[in-house]
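Student: Can you read through this structure? Questions will come right after.
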Amino acid sequence: MAYLVERKANELPPEALAEVFDKLIWCMDDNGFEISAVQRKWLISQDRYLVEVALHMKDACPFQTLVELNDSLEKAKKIFPDLKSLINDFKHMWVVASLK
């Protein structure tokens, strides 16, 4: 994943790379476990692009519990307060999914 970020086209939006990673999840023999682990790390990264990529991923929740999800997303909000809306959308998506 890091290689793809390093080699991405200059103007590639985060959601485009997130879509690639979401598709890769379904191609992996571990059901995306390693991809989700990287996503989890990226969500608390100091690198805005990585945070945005992670927030745009939708095919696997990178956290085992809602507590972990909340803790990580609160850290992300503190680092990037201007991403609050995107962070809240990500949180809402996974809270709703956990209720099903």
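Student: Filter the range 53-71 down to the residues that are over 14 Å from M1 (Cβ atoms) and surrounded by 18 or more Cβ atoms within 10 Å (Cβ to Cβ) and list them by number.
Tutor: Once the filter is applied, which keeps residues that are over 14 Å from M1 (Cβ atoms) and surrounded by 18 or more Cβ atoms within 10 Å (Cβ to Cβ), the range 53-71 yields L55, C61, F63, L69.
Student: Here is a further query. Working carefully through the options L17, L12, L50, find the one that is surrounded by 14 or more Cβ atoms within 10 Å (Cβ to Cβ), touching a residue at least 40 places away in the same chain (Cβ under 8 Å) and not polar (S, T, N, Q). Quick ask: steps written out before the conclusion?
Tutor: Working: L17 fails: touching a residue at least 40 places away in the same chain (Cβ under 8 Å); L12 fails: touching a residue at least 40 places away in the same chain (Cβ under 8 Å).
Just a single option satisfies the conditions, and that option is L50.
Student: Return yes when S36 is under 18 Å from S98 (Cβ atoms), under 14 Å from the mean Cα position of the chain (by Cα) and hydroxyl-bearing (S, T, Y) and no when it is not.
Tutor: Values: under 18 Å from S98 (Cβ atoms): yes; under 14 Å from the mean Cα position of the chain (by Cα): yes; hydroxyl-bearing (S, T, Y): yes.
The answer is yes for S36.
Student: Now for a separate question. Hey, can you tell me all the residues within the range 20-47 that are acidic (D, E) and either part of a helix (DSSP H, G or I) or touching a residue at least 12 places away in the same chain (Cβ under 8 Å) (or both)? Even if it seems obvious, please write down each step before you answer.
Tutor: Filtering the range 20-47 down to residues acidic (D, E) leaves 22, 29-30, 34, 47.
Once the filter is applied, which keeps residues that are acidic (D, E) and either part of a helix (DSSP H, G or I) or touching a residue at least 12 places away in the same chain (Cβ under 8 Å) (or both), the range 20-47 yields D22, E34.
Student: Now a separate question. For the list (1) β-branched (V, I, T); (2) over 12 Å from the mean Cα position of the chain (by Cα); (3) within 23 Å of E34 (Cα to Cα), I need the number of the one condition that V96 fails.
Tutor: Unmet condition: (3).
Student: Whether any residue in the range 83-94 is surrounded by fewer than 16 Cβ atoms within 10 Å (Cβ to Cβ), part of a helix (DSSP H, G or I), modelled with pLDDT of 95 or more and among the small types (G, A, S) is what I want to check.
Tutor: Yes.
The values are calculated or read from the model by the stated rules, or taken from the named source; none is laboratory data. Keep in mind the model is a prediction, meaning the values are calculated, not measured. All Cβ positions, even for glycine, are placed from backbone atoms using ideal geometry, and neighbour counts span all protein chains on display.
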